[in-house]
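K.L.:
This is the structure, below, for whatever I ask next.
The values are calculated or read from the model by the stated rules, or taken from the named source; none is laboratory data. Please read all numbers here as calculations on a predicted model, not as lab measurements. Counting neighbours? That spans all protein chains shown, and the Cβs are built from the backbone with ideal geometry, glycine included. For the accessible areas, the whole protein counts, side chains as well, though only heavy atoms, and no ligand, DNA or RNA atoms are used. Shrake-Rupley method; radii C 1.70, N 1.55, O 1.52, S 1.80 Å.
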Amino acid sequence: MARTRRKRALAMAAALLTFAALLTGCSSGFAGLRLRIAAGNPGGVYDTLAQTLATAWQSGLDIERPQVLQTQGSPDNVTKVLSGAADVGFVAADVAADTYKKNPGLRTLARIHDDYLHIVVRTDSAIHSVADLRGKRIAIGSPASGVEYIASQLLKAARLDGSVSTTTRGLEDSVKALLNGDVDAFFWSGGLPTPLIAGQNDTKSLRLLDIADQMPRMQTLNQVYGTASIPASMYNQDGPVTTLLVPNFLVVPAAMSDDVAEALVRGLFDARAELARANPAALSIDVHPGIETQPIPLHPGALRYYRAQKD
């Protein structure tokens, strides 16, 4: 009897040790994984979402909290991912698509939120179309930013490159420069509404340009550009304006492990509530539009996650 009890105790102890080993294996599947996220300027949408995502990935993958890198924006982010200076990057789809043509080593985890192009002038300005920008002074975003990139694309499409005077300024500086008369217009690409523009426009001091006539040329330049409408109520305008929509992607190097990529995508969608609380732009993050990252292929690990959602 004593021998039987001893055998049972030994068997139970062995089972417990096996179970503990399995648990340890599960929790340490990504032990030692260190991630760097290329985000953007402090306080911007990219940075805000990256900080929240870093915390979610830390908890979900049981890893050291990923480092959030402050950068100039999309062009800087994609360069860092491809050079190995970052593991994940927030990148506007136009920058990502043009980069992929030159470097096919880029992959996507998901389409996240969309940005809307704003071309802003003073309400009393004589500028009423993109063509009216000829000969004017324009702020085109921070240096090496996604805003500067898209502004250069539109000025090229409108055949205005070389016919305007441009300066690189962040959003806050751009708004101040416009209201002070130091520039005649500024470009911005961001979510709706962009608080700094909405807050300044309570007195209807700013006006958005409609760019419907430029959209055919823009969509010829890059297939990722879509057409969208900004409602009049969004910025206290007299009417809605047609503008350009550009998605944002989470990008990674093709060499990333499939298991890591799958885990990062799962962590992204598991953290949707936290991301939306951090910034309303994240309300659009969802599995179904998440796979729409053409022309850049999804990482095989990300694709494995999406396929599992259909089962």
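K.L.:
So which of ALA273, ALA281, ALA255, ALA261 ends up being of a type in the set (Gly, Ala, Ser) and either in a strand (DSSP E or B) or over 29 Å from SER83 (Cα atoms) (or both)?
P.N.:
Only one candidate qualifies: ALA273.
K.L.:
Search the range 188-225 for residues being open to solvent by less than 40 Å² (accessible area, probe 1.4 Å) and free of Cβ contacts under 8 Å to residues at least 40 places away in the same chain, and hand back the single one that is farthest from GLU172 (Cα to Cα).
P.N.:
Within the range 188-225, the match that is farthest from GLU172 (Cα to Cα) is MET215.
K.L.:
If ASN236 meets every condition in (1) at positive phi; (2) open to solvent by less than 60 Å² (accessible area, probe 1.4 Å) apart from one, which number is that one?
P.N.:
Result: ASN236 passes all but (2).
K.L.:
Considering each residue of the range 81-135, count those that are surrounded by fewer than 16 Cβ atoms within 10 Å (Cβ to Cβ) and under 18 Å from ASN41 (Cα atoms), and give that number.
P.N.:
Total meeting the criteria: 1.
K.L.:
Those residues that are of a type in the set (A, V, I, L, M, F, W, C) and within 22 Å of ASN248 (Cα to Cα), I need them from the range 141-169; list them, please.
P.N.:
The answer is ALA144, VAL147, ILE150, ALA151, LEU154, LEU155, ALA157.
K.L.:
Since MET256 meets every condition but one in (1) open to solvent by 10 Å² or more (accessible area, probe 1.4 Å); (2) within 20 Å of ALA131 (Cβ to Cβ), which condition does it not meet?
P.N.:
(2)
K.L.:
Within the range 53-80, work out how many residues are more than 24 Å from GLY141 (Cβ to Cβ) and either part of a strand (DSSP E or B) or open to solvent by less than 50 Å² (accessible area, probe 1.4 Å) (or both).
P.N.:
Summing the residues that are more than 24 Å from GLY141 (Cβ to Cβ) and either part of a strand (DSSP E or B) or open to solvent by less than 50 Å² (accessible area, probe 1.4 Å) (or both) in the range 53-80 gives 7.
K.L.:
Can you name every residue in the range 136-147 that is surrounded by 21 or more Cβ atoms within 10 Å (Cβ to Cβ) and of a type outside the set (Ser, Thr, Tyr)?
P.N.:
ILE138, ALA139, ILE140, GLY141, GLY146, VAL147
K.L.:
Could you run through the range 284-294 and say how many residues are in a helix (DSSP H, G or I) and surrounded by 15 or more Cβ atoms within 10 Å (Cβ to Cβ)?
P.N.:
Adding up the residues that qualify gives 4.
K.L.:
Restricting attention to the range 281-304, does a residue exist that is touching a Gly at 6+ places or on another chain (Cβ under 7 Å) and of a type outside the set (Val, Ile, Thr)?
P.N.:
yes
K.L.:
For the range 168-179, which residues satisfy the criterion of being in contact with an Asp or Glu (Cβ under 9 Å, 6 or more places away or on another chain) and either within 23 Å of TYR225 (Cα to Cα) or surrounded by fewer than 20 Cβ atoms within 10 Å (Cβ to Cβ) (or both)?
P.N.:
Passing the criteria: THR168, LYS176.
K.L.:
Another question, if that's okay. Can you pull out every residue in the range 148-167 that is open to solvent by less than 70 Å² (accessible area, probe 1.4 Å), without any contact (Cβ under 8 Å) to a residue 40 or more places away in the chain and assigned to a loop (DSSP other than H, G, I, E, B)?
P.N.:
Across the range 148-167, the qualifying residues are LEU160, SER163, VAL164.
K.L.:
Can I ask one more? Could you check the range 168-206 and list, in sequence order, the residues that are of a type in the set (D, E, K, R), touching a helix residue (DSSP H, G or I) at 6+ places or on another chain (Cβ under 8 Å) and part of a helix (DSSP H, G or I)?
P.N.:
The answer is GLU172, and nothing else.
K.L.:
Here is a follow-up. Whether any residue in the range 262-273 is more than 14 Å from LEU53 (Cα to Cα) and open to solvent by 10 Å² or more (accessible area, probe 1.4 Å) is what I want to check.
P.N.:
Among the residues of the range 262-273, at least one is more than 14 Å from LEU53 (Cα to Cα) and open to solvent by 10 Å² or more (accessible area, probe 1.4 Å), which makes the answer yes.
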